[in-house]
Structures are given as C-alpha cells and as structure tokens.
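The values are calculated or read from the model by the stated rules, or taken from the named source; none is laboratory data. Remember, predicted model here, so these are calculated numbers, not experimental data. Virtual Cβ from ideal backbone geometry, glycine too; neighbours counted across all protein chains shown. Just the protein is used for accessible areas: all its heavy atoms, side chains included, with ligands, DNA and RNA removed. Shrake-Rupley method; radii C 1.70, N 1.55, O 1.52, S 1.80 Å.
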Amino acid sequence: MKNSDDQISAWIDNSLDEYAQANVEARFSKEMLEQEKAAALRIGELLRTHSKVPALESPDFFNSQIIEQISRETPTLVEQRASSSEWSWWNPRIAWATAACVVVVGAILFVAFPVADSAETMVVDVEDFTSGYHVSSYTSEANRYALVWVDGWDYIPGDTHIQ
C-alpha cells in the first residue's frame, strides 16, 4: 500500500490479509477506523438512494458509436502482420545496436591488444634442447627498449655478460 488512505480503504473493504490488517489496526486507533468505516458506509448508502442514473434517449446511437470506435481501434489482419514483422531481426534499431556493439568491442580490443609494428620490433628466439634453456629478446628502436627473457636458469647475476 502506498499511503495510509489506501490502507484504511482496504481495511474498510476487508481486502487485507491477516498481517496487513494487524499492521493497520496497530497503526491507527480502533475508534478512528470504526468512524471511517461508518462514514464510508453512510456515503455509499446516500449515493445508492439519491443518485439516479439518467435514462438514455437513444441507446442504439450510443451503441453504434461504441462499435464504430472499437472497429477503428482494432487493427486489421494486415496491420497485425505488419506490426509483428516490425520486431524481426531486420528491425533498424536492432541493426544499429548490433553495429554499435561491434564498434565498441573493436575499440576495446584495439586498445587492449595494440598491434605491434613489425618494422619497429625485432624478436629473437633461441632454444637449446640439450640444456633446456630458452632465450627470447625483444627490441624496439622507436620505443628505445630491449627485453631479454630467459627460461631454464634459476638465477643470472647482474654482472654476467650475455652474448
């Protein structure tokens, strides 16, 4: 329930479950709830006795107007098929969304995994199968770095000259 008026109305109509009913009775005094119920019943009785529904002068006219409006608002079979085909995979919104996703994924992959320029980077791999050593060196003159990766040795002292 959104507010206390809705809760009180539901309590008067006796449409609350046991937990909600106990909650309403705990929040509000019993006298106030009974006064609200009596006032609602009194208003309902007054409306039933003093409110008269005017008789329709030409009920067939109103009936024809209602039927005509229903037929205008009800889609024909061709319109139903056209509207159902709108939601196929050819829908332009879906196509644009797919294209946008492909562009975003491509941009992420381009940033995350940059393509190395083969002219700038030189990679040398040497492996000695008898001793189990594997040496890889990566150098780039443009970025001014050199990296040597050695597998198979536990430790290489810093003063060791590698050729």
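Being out of contact with any Asp or Glu (no Cβ under 7 Å at 6 or more places or on another chain), open to solvent by 80 Å² or more (accessible area, probe 1.4 Å) and at pLDDT below 85, is that true of even one residue in the range 21-34?
For the range 21-34, residues out of contact with any Asp or Glu (no Cβ under 7 Å at 6 or more places or on another chain), open to solvent by 80 Å² or more (accessible area, probe 1.4 Å) and at pLDDT below 85: absent.
Is it true that some residue in the range 73-80 is at pLDDT 75 or above and in a helix (DSSP H, G or I)?
Within the range 73-80, one or more residues are at pLDDT 75 or above and in a helix (DSSP H, G or I).
Which numbered condition trips up E86, out of (1) at pLDDT below 65; (2) over 24 Å from the mean Cα position of the chain (by Cα); (3) open to solvent by 100 Å² or more (accessible area, probe 1.4 Å)?
E86 satisfies all of (1) at pLDDT below 65; (2) over 24 Å from the mean Cα position of the chain (by Cα); (3) open to solvent by 100 Å² or more (accessible area, probe 1.4 Å) except (2).
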